[in-house]
Each structure stands twice: as structure tokens, then as C-alpha cells.
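Step one of this worksheet: look at the structure below.
Since every read-out is calculated from the coordinates, none of them should be taken as a lab result. Every value quoted in this text rests on a predicted model; they were computed, and no experiment measured them. Counting neighbours? That spans all protein chains shown, and the Cβs are built from the backbone with ideal geometry, glycine included.
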């Protein structure tokens, strides 16, 4: 089976650089895939993306060695398994708040006897290879998002679930959960403290920690702190930032301004 | 009928700032449309865009006051009229090389008696308004692209065609035509000279001149020189530039590099 | 944040006129949006519509001031939040049968601390404005559908849920629940009585009441009775009615009939 | 090969009732197809429809006995043949202005030796049957649109082209061509006279005449006058008319109006 | 209401031949539908298919008398009802493991009073007929998939649920559940024994039994054993098998091999 | 620039095995691409494929080393250049009947100074590499289809056009042109003779010859005769053949037949 580069990087204690996809188009995805990210995450939750676009985007990523990941909209078996059957090499699951939630995530992402994933890797076996059935459990990565007050309360219970490879922090939701402003990078002190705490506990449990960042500087600082999966930038944000900068430059330079 | 802001700007001798669309998705288009460009051009020629995406993108642009334009793949009546019926307020037509080409462009974009545009503004009248039939000819803008050696030879013949509102320079094709490297901004001297010549002749004929640029600095210089329609940046380039910069920053900062 | 016209109308005790969308196409949606409804509801439940079409349709509605609403297929957090992130200004949720159901609906449609909505208004903030995070809870409207015997039993418990803005009656389902024929307008007496009862209790709780109608006459009567949100007509029904009438007129008039 | 009901009706000197499709959706098409039209025309010219939607719409029509037709965007061999390969049983071709144009239309719609249609009825043979190759020429119908001053001048030359089955009048374009307002039904006197003239000449040449109508009354009058193919109504118009009527009824009846 | 041929066959104790669809395209579906299967199942679970493609595929199937079925991704009311509203004449539901699961399946697929299916057969009534509301419960077929150890434990409890028409065996998942290799046809002895057991118990309860097969020989043996619904082949497998055979024949025959 | 394996094979006088694509879906394409063909041709002419599907299919092919080709609908510059910009490494152009046609094909597929291809390889440079501008002319392959009586008459004139890399024979169209039945493999004697003649003349001119086949046996014989590009099988035919065989086996084996 094709290797999962995330696991290869982690074996060497290196940090994976992840890009984020919110635009439902194969072409924008292919541009992102050729930019050199270690992995790309198709965001079915907050992105404007659904199952049909996910397929096209997974194919676009598969034109490169970039690892394809999917953030599912919710902890539901149908969509988790659909993302895997379509060839995702990992799922990021939002709102994992309890030990039971984490156990379900592991269950949905593993075949029996460990889990209850239904068998039918219709595209995944084309992408992964003919030994997919026997190797998928050890190849695919499941990330549980820690982003609520309840999850903080249950942190050790979640982290101790057998088969949970990684957690992922959404700073915006975590901020709202702690009564702070929903931002990515410049988080308020209670959020900064909670992030530090989550990282510490994940490390203690041998679980890889990932986090959503907006800026390379912050992402590098996160990596230096011990995060082994850092998201930096999204297709939608690159367009917005690029377009706004271009228009601003033009408005500033035109005489008279149009 | 809803005004065409390009014409309004030109009446005040101001330069329109145009953005370029190569990604076939309504959402990326909506992000671009909210960035504040005066107009956006859906590129059916070199963009990965066809008629179905064009419709979705025209609707996305219509959520803002940005003027919707379409670059057609070729000087063919079917697609020129289809773009207009779908609500484009202007068409940019590649490879207008002769006076006859320019006359055809005017013909396809105007109703009888001036032209031969077929009547059926199925979406255009919803976008433009109930008086579309009588006002369309005076509202819509047709740009003839000047980008070949043949077009340079026929420049005055083209520019003197009655009803031709504007020309548009594609520096890449013009460069190839003159035996130079196909670039946008840092054009070789023969191309720079040709661009200057085209602008001069267009001004002499009272025809607006537009040009494709990659960078705001160049676009501002073009505007200062007299171009009244400057393209600066595209959705695809903003993603590529943003993604490459983010990955480069991460690779430079990670120890060891992943 | 852009206002929600439903709330504005309700502040003046006026009734909103809602149209219904079952055809998965941006162009038919744009025609409906230009017809002057106060709001349009994209029906993800019984309509032939899914997430990708919803996005295109929300963009088509956004070309006008019409308020965009979504009926979700079921009370599930993934799709409720996805509709809101895509820019819906309200959700209509089927089969709210218990107080717990109503509480979940409120929870899914509000950010912490009131609810558990996950943060990521990727298109909603473009549509609503930069203050979306702080204003969304007070702007968006959640409708709980009252359409089963169980819901009638729990009516006051449902209506007393804090944060529930409105209820919506589906006369067809309510009819089936009461052992009657599934119709919109000419409901059987037990259904008529139940509708009256629901309206009374909603008014008593200060909750806005909406209802699905087939005909303007019935919709006007509902408005006069106190409903402040009345649906009248759908894209699919307008086509079916118009086409059947045209064909019938032709068959009646042709000699010999074809 | 499955019969072409248009030809069957014409053999009995009866008039076919045609519906028009401008919305790119299989579901709206299926509603139209179940309304009982003799044929439906997918409008690739002024409709918001392209090749991908055409396929879905042809399949939707094929769920009923309704005859599938396509109006192509222009007299170009690629799209004419593509429509036929996809299963269209007739093409309506705009802007047939000369005898040469009419000859090309016949050529593109017939296999050698009569024409130059390329062989590959990939879907057409599934729809039509295994004897498609030998029967297609005698089954499919080609309509030449007569809608310009030039076409009026060349009318007899066009009508005398061997293999041209039918002509179709677009009253809007014909009106513009004659310096009149672009309308369907209430045409100005010069247009009325031209329509009468075209019908007369078509009858004289044994060519079936069709015409675009907006209202059943007009369509019935056209049929009575001798037109054997009358279009009455479109999906887009049925939605617009139904929605505008419903909203108007509501605005008139609501107190205070919302 | 249009008959459900599955029920007609079963009344005569005959076996239905089912085909499987994993490719999200109307055209491949139409080819399959014209091949003469009694029914075709659109696989929303492991197939690369979602709701938008399901609609196009249901329309493609409706061009023939083939019975349209849908395998839903999971036992969730939203998608079960959506498949039925779109015109599916049966649903195959994975992972029915308990009596409660089976009861939910019956509930979601029947209108009140038997079930809780919400009323709105927007396309289903077009496909099925105007008496859909009263006849759907007796026409549509619900298959519960028996494919886990838990389901085997609860087999009689599941089979005795009133209104459960049929069960369907997925040999791959059943194999994994029993610690065997996930295959279709050449199942290991424990799986063979379990399949026999399920068939026996289904017969005892008067429930029809169906099973997924890869090869006609196996399917015929299953039919001979008493299965009354056998799947043989899928669009994706036909392509893979045909393409691999063609390439292999070419590689074997070319000198030198390319 | 990424090599074109067709040219590599030809340099070694080996025959390329080509597969054919008529189904507009990325997933079926990916299955075909993984089957090991040297190249795959997306058929925009007779296939049910248009520009949007072409893009998704080119991406699906790009997940493997298979060479992506496109058959364009007609000899028109817009679509020829669009296919190349999207990343096709070759175009097959139907109905090249004259020396002038062949010259146009060469012109449309080469940049100045040899041709008139417009510059904008928006996806092609991502697929091919950063030196696309300078290497494309020498990498891309243009096939002229020889399939009419006129083309046979002009054969040497066509074959002597500088820059024409290859010709491709469509036996069906060639058969019709010669008054024979439109088949692929079991061609009538006049067609067999014409095929032999075309191959001879192509060899004499140093132009590679390709041909459409239905069966590996015939394709191998063609290769042995000197054809260096043989098409064998298509996605649509593999489905049809597989499905028909499976249904036939079931009908033959079931008692009583269903």
C-alpha cells in the first residue's frame, strides 16, 4: 500500500505542513497540490465542499505525492467511511468532546475486529494499492478535534483511547468555547494556555498534535513548540489576500482613484 | 438598464481595475467579486472554464456591483452571443487580426440593424433590466485583442471599425508573435515598443486600450501611460503565489525541513 | 451585518411572503429571486437539491435582496451548520417532535455560549459582513417544523424553548399524522383545528408561526389569521402548472387534437 | 428505430405542440416532459444550457415518449453532430440565411452519401435502436430558422434545398430584422406579413413550417393558419409568470403590504 | 402507481437480477439500464456517488423499465427519505445490526401510521404516479443488510420486524466480521455457513433474501439455493475487467511489448 | 517538460496501446487510467463529453503515467487550443479532408512562428512543467483523421504537410464514405484496401499511422501491419459488453427465467 507520508514524517519526529481547501474545484486543488504541501485537507465542514467535489479534489491531489485528508462535517459513520472509500488517507473529525466520541471515531476508521468500518474501498484501493484491506488500518490517520470546553474536561479520557493517532486544534472554536474572540493565530491568553495544555497532554499520551494556523510565522512557532501537523493557509484565503492586496495597491496608486 | 461601470469610468477618463478568473467555481469568483475590482473577466479561452461554469460565475459576480466580462475562446458567433445572453457586459475577443475580424466582432455584439446578434437575452434582461433590447448595444463593450504580427500590420484598419469600443493587449501572445519570450510584465524591447505603438494608435482613433498585467506596479505604470483598463492578478495566480510563499516560508523555517 | 428582513417584517407585525425551491439550478433560482418574494427557501429535504446546488442557489438568491433560507433534510448538526456557513439566514428543520429536538435546533444554530455551532462562516461572512461572528446569533432565524402527533403532544414544551424564533407547519405531514389526506390547502377538519391550535399556542409563547400554502388565497387567509411567514408556490409547481395549462389549452383547441 | 412522432403527426397533417427548455436541469426537464408536449426543444442558443446539461436533459425527456429536439447555438458541424449523437431527434438551427447555409444544415444532419455527418451515435443508438445507422437520415428532422432580412431574400432558394424538412420562425429576431420591436406574439404588421409569406412559400415547397409562440391562443391561431409545429411556453417563462402572479396576489392582499 | 417488478417477480417465486452502480454518471447508468437487469442499485455507500448524481442516475434508469434501487450510506432518516422522494423503488440499508435498527428502517420507509416518513414525493410521484401517497408503502421495498457478528446474533429479532421485506448480504463485510478475507464469491467456510444460515432463517420468516455476487455462476448458484435477489457485476468492475483484459491481450501479443 | 510517451515509443518503432473514453466521469477515467494503457483519448466528438468533464478526466489520467489525448469535435481553433491548455499531450482531429485542413491543424497546435496557438497553458504548464512554452511544440502530437473520400483523394497532399505527426483512421466513417457498413473491425474489402493504402502512404511520408479497433485481435494485426497507435476498447463498450454478458448468463441459467 502507498505510504502515508504523515506517518513517515512523524516517525522522524518531523512536522507536516498542511494546506486547507475550501473551494469546490479540482483545478484550484491541483494548483495547491503542486505547491509542495505535505498534505492537503478537503474541508467538508466549513468549506463549500460536498461529496461530489471531494472526489474531484481527491483526484486532483492524487496527481502529486501530497497526502489527501478530509475534514468531515460531523462525527457520523456515513461520511467518515465515504471519505475513506474515496481515497482519503486521513480524516479530521470536528467536535470530539468525550471518550465515547473518540472511540466512535476510531471505530468508524478501522475495519473489524478493531472497528466497524464497512468494506468497499472502491477508489481507495486504486489509490492505495491491492493490499488496502490489510494495510488500511495501519496507514490511515484519524485526528480528533479538541475545540470545546467539554473536550478540555475530557482531555485525558479522549487521548487515552486506543487507536487515536492524533488530535487537531481549531483555535477559533476553542476561543469561542472559552469566551474569547474566534481567531486563528493571535489567540487570547486563556486560549493560548489551553493550547499549551492540550499539546502537553497529547505528548504525554504519545498522540500527535496538529493545529490550524493562519500565518507561517505562527505555524513555525507551533512546530517548534512540538506540533507535528500545522495547517498554514487555504485556497480561499490566498485568493482573498492576493485580491485585496492587488486592489489596494491599485486604489492607492491610481490618480484619480477608480 | 443597469449601467456599465466601464463606460462610466471612461467618461471620466479613469482607469478600470480588472481581475481575471481561470478557476471554474462560483465560490472563488464570489471571493474575487467582493475584493473590489471594477470588473472581472471570466476567461473561456485559456481558463479552465466553459459555459456551465460561466453561468455560475456570472451569478457570483452579480452578487456585487462588479462588472462581468467574458473572454471568449475565439471569434465565433455562437459563444460570443451566448456570453452576452448569459449577462456579460462585455466580451474580450482573442486574435482579432484584420479589419474583417473586427467588423465581425462588432456585428456579433450588436443587434440589427448595426449587427446580427440574435435576440434572446434570457438571463441578460434579468441582470440588465427590462429595457435591455433597446439599451444593450450602447451598454455592452467589445474588446478586440491585438496580439499578433498580422494585427499590428492591420492596426489602423482594425481601430477604425465603427462600433469597436476597445482593444486589449495580451503581452504573452504579442511577445511570441514578435519572437520574444511569452511574459506579462517584463516584456522585451520590441514588445514594449509595440505596446506603446498600439496605445498611441488606439488613442488616436478614440478607442480605449486595455492590457493584461501581472503586477500592480506594472499595471499602475500602464494606467499612467494611458491604458484605461488594466488587468492585475487572477484567482489561479493568487492561489499559486500564496501557496508557494507559505510553503517556502515553512520549508525555510522548519528544523529539520520536512 | 446585513439585516434579516424576516426579523424586520416581524418587528412591524407584517407577514413575509416566502417562495419554495425544489429544482437544483442557479438559473431557475435567480428567476424566482427576481420575482419579489421576501424570502426563498431551498428545500434540501423533499426538493431535488443537495449541498453543491444549495451553494449555487444561495449565490443566485444573493443577486437580490431576497432572504435566503434552507430547509434541512433532518435535525443533524452537520447539515444545519453547513447551510448556515454557506450563507443561509435561516433554517427550517423538519420533524421537531420534542423539547429536546427544539433545544438541539437552537444549539446547532447558535454559537457558544448559547449553542454549539462550530465557527467557520466561510461564505456567510462574505454575505453577512465582517461582524458576522458577533451578530449571527441575533440575525439568523430557526424554524421548528410542527408536523407530527408527537409534536402536537409536546407543543408547549417545544414552544417554550429559549431561542426558538419560529415554527413552521407542513400541512401534508400534519395531515398524515392525523390520519388525513396529505394536502396543502384544503385540509380536513382535524388538521384545520390543529393548525389553529398551533398558531394560538405559538402566539401565546411569542413565537412566530409560518405555514406552507399552495395558493395565494389560502396564504392570504393564513396571514390574516396571524401567520407571519407564508409560503406560496414553488419553482417546480409553477412549471408543472404552467406546462399543464398550456398543453391542455392546445389539446382543447387543436383540430384534430394531436 | 424508434419513430419520430413529429413525422407521424405530419403524415396526418397534424400540428405538433412543442415546449421550450432554457433551464439547465434534468428535474425541471422531467416535469416538462411529463406535461404532455409532443416534443421539447433544448435551447443551446439563448437558453442557459450547454453540452453537459443537454445530455442530462435528453435523458430526462427519454423517460417519456416526448420527442427530444435541440436548438443549436449556431450552424457549426461540431455541435450539430454532438446533439444528434446524444440522441436528439431533430435540430433547430438559427440564422439560416442562404441556400448554402441550408445545404450545410442538411449535410451536417445526414450521413454519407447525402451528407457528411460523422458516424458515432454513442447515445443515439441506445435511444433510437440498433438500426440507427440506416434509419437516422429518414427519422431525424432538421429545421432551418428563417429570421433575417437576408433569409427572406433567399427564401425560395433555401426552401428548395433537398433534404430540408422544416423551417422555424423566430418572431423576435425577424422583428428586429424588419426594424420592429422584438416580441413573440403581438408582432408588428410587417412581421405578420413576413410570417404569412414564409408559411405560404414553405407550403408551396412542401416544407413544414414551425413558429415560436408565447401564448396558446396565438399558437392555436398559427396552427389553424397551417403551422405544423408550434412552440408554446418555456420552463423559464412558466416559473417567471407563476412567481410574479403569486407575489402580485400576495402584495395585493396583504394588509399592510410586506 | 407503477408496479415494483421486484414484488411481481417474488410473487412468482422468481429471482431478480440486480446490477450495481458505483460511477457517478447518467450515461454509464443508461448503458447499464439498457442491458436488461431487473433492477439497478445506486450505491451511495461505497460507490463514488452522492445525491446530485443519484438524481441523474435515477432519471437514466427511468428511461427503461428497470427498477431503481438505492443503497444508502447509513441508517439515517434524511438520506433514506431523500432517496425515496427522488424516485427509488427500494432502499438497501447497510449495517442493520439490531431489532431496533430494523424497526427504524421500516419506520423511515413508510408513511404514518406505520412509519414516520415525511411526505413530499417531489419526483417519486412523477415516476410512480398520482396515487403514490396511498400506494408507496405497499410498493417500495426495504432491504436490511446483514453483515456483522451483531446482526447474526440478532438475526431472528431482525427478521421478525413487521414490514421488513427483505434482507441483503454483503459477503465482504460479513467475512471481515467473522475474521475472514473480504471477498464476494469465494467465501471462507465460516462465511458460507453464515450465509446459509441467514437464508434459512429469512425463509422461515417469509423475508426475501438477496446477496452481492461477483460472478454469474455464483449468482446462479445463489438463486438456485433460494436467494430471490442477486447482484451480479457493477459498472466499475465491468470497466476494470474489460480494460485489464484488453491491455493484457495487447501486451501479450505485441512484439516487442510496449 | 514531462515526456510524451507516444514519441518515446515511436522512436523505438513500437506501437502505443490507446484506450477510448466516452463517459463523462473522472472516476471511470481513473479506472481506465490504472489499467495500463499507454494513452487514453477523451472523445469530445462522439463521446458524451464536453469541456468541464474533459478537465476532470485529464486530472484523473494525470494520477497515472498514461498519456492524455483529446479527440476534438471539429477542426476549430477554440477547442483545439482549449484541449491543449488543459493539458492534453495530443489531439486527434476528425474530418481532415484537404491539405488546407491539415495545415490548419498544425497551425492550431503549434506556437508562433510555426503556428498560431495562443499562449496561456494554464493547466498544461502545471502538468508538463515550467519549460512548457519552449518544449510544447516538439512534445505534443497532432493526429489528422483520414475518414472521407475527399481525404483519400488528397492523401499525399495531407501527409506532406510539415509538422503533421500522425494520422488516425476511423474505420466507421471511412466505411460510410466508401458506401459500406459503418463497422470498426470486420470492414468490407474496399475499406480494407483503403486502410492498407493509407498506411502505405503514411509510411512513405514518415507519418505515424493510428487506427480505431474494437478487438485486441484486430488491434494486434493492425500493429503487426505497421500501425503504431491502436485503439482497443472504450469505457462505454466495456460496460455494455460486461453487462450484456452478465445478464445473458443469468437469463440462460435461471429457472424459470426472470
**Message:** Taking R0 as 22 Å, what FRET efficiency do you get between residue C:8 and residue C:114 from their Cβ-Cβ distance, rounded to the nearest 0.05?
**Reply:** 0.50
**Request:** Can you list the distances in nanometres, one decimal and ascending, from the residue D:2 label point to the identical position in each other copy, with the point 7 Å along Cα to Cβ?
**Result:** 1.3, 3.9, 3.9, 4.0, 4.3
**Request:** Quick one: grab the alpha carbon gyration tensor of the protein assembly as shown, order the square roots of its eigenvalues as a ≥ b ≥ c, and give me rounded if a/c is under 1.5, else prolate or oblate depending on whether a/b is larger than b/c.
**Result:** rounded
**Message:** Order these by the 10 Å Cβ neighbour count, fewest first: E:222, C:7.
**Reply:** C:7, E:222
**Asked** Which whole-number percent is the relative contact order of the range F:1-96 (Cα, under 8 Å, 6+ apart)?
**Response** 24 percent
**Asked** By Cβ position, which chain F residue lies least far from the axis that rotates chain F onto chain E, and what is the distance to the nearest whole angstrom?
**Response** F:25, 2
**Request:** Rounded, prolate or oblate: pick one for the range E:178-228, where a ≥ b ≥ c are the square roots of the eigenvalues of its C-alpha gyration tensor, a/c under 1.5 means rounded, and failing that, prolate if a/b is larger than b/c, else oblate.
**Result:** oblate
**Prompt:** Is chain C best put as rounded, prolate or oblate by its Cα gyration tensor, with a ≥ b ≥ c the root eigenvalues, rounded for a/c under 1.5, and otherwise prolate when a/b is larger than b/c, oblate when not?
**Reply:** oblate
**Asked** In nm, one decimal, shortest first: how far is the label point of residue C:193 (7 Å from Cα along Cα to beta carbon) from the matching points in the other copies?
**Response** 6.1, 6.1, 7.2, 9.2, 9.6
**Asked** Under the definition of Cα pairs under 8 Å and six or more residues apart, what whole-number percent is the relative contact order of the range E:57-199?
**Response** 21 percent
**Message:** If each DSSP helix of 4+ residues adds -39,500 (n - 2.57) and the sum is divided by the residues in the protein assembly as shown, what number results at 222 nm, nearest 500 deg cm²/dmol?
**Reply:** -13500 deg cm²/dmol
**Residue list for the range F:176-194, given a label point 7 angstrom along the Cα-to-Cβ vector of residue F:149 and an amide N cut-off under 18 Å** = F:176-183, F:188-194
**Request:** Take the Cβ-Cβ distance between residue A:100 and residue E:157 as r, set R0 to 25 Å, and report the resulting FRET efficiency rounded to the nearest 0.05.
**Result:** 0.50
**Message:** Between residue C:255 and residue D:134, what's the calculated FRET efficiency when r is the beta-carbon distance and R0 is 51 Å? Round to 0.05.
**Reply:** 0.90
**Prompt:** Can you give the Rg and Dmax of the range F:105-258 based on its C-alpha atoms, in angstrom?
**Reply:** 20.2, 71
**Prompt:** What does the average come to when, for each residue of peptide F:71-84, you count the partner chain Cβ atoms lying within 10 Å of its Cβ?
**Reply:** 5
**Asked** For residue E:100, which inter-copy label distances result when the label point lies 7 Å beyond Cα on the Cα-to-Cβ vector, reported in nm to one decimal and in ascending order?
**Response** 1.0, 1.0, 7.9, 7.9, 7.9
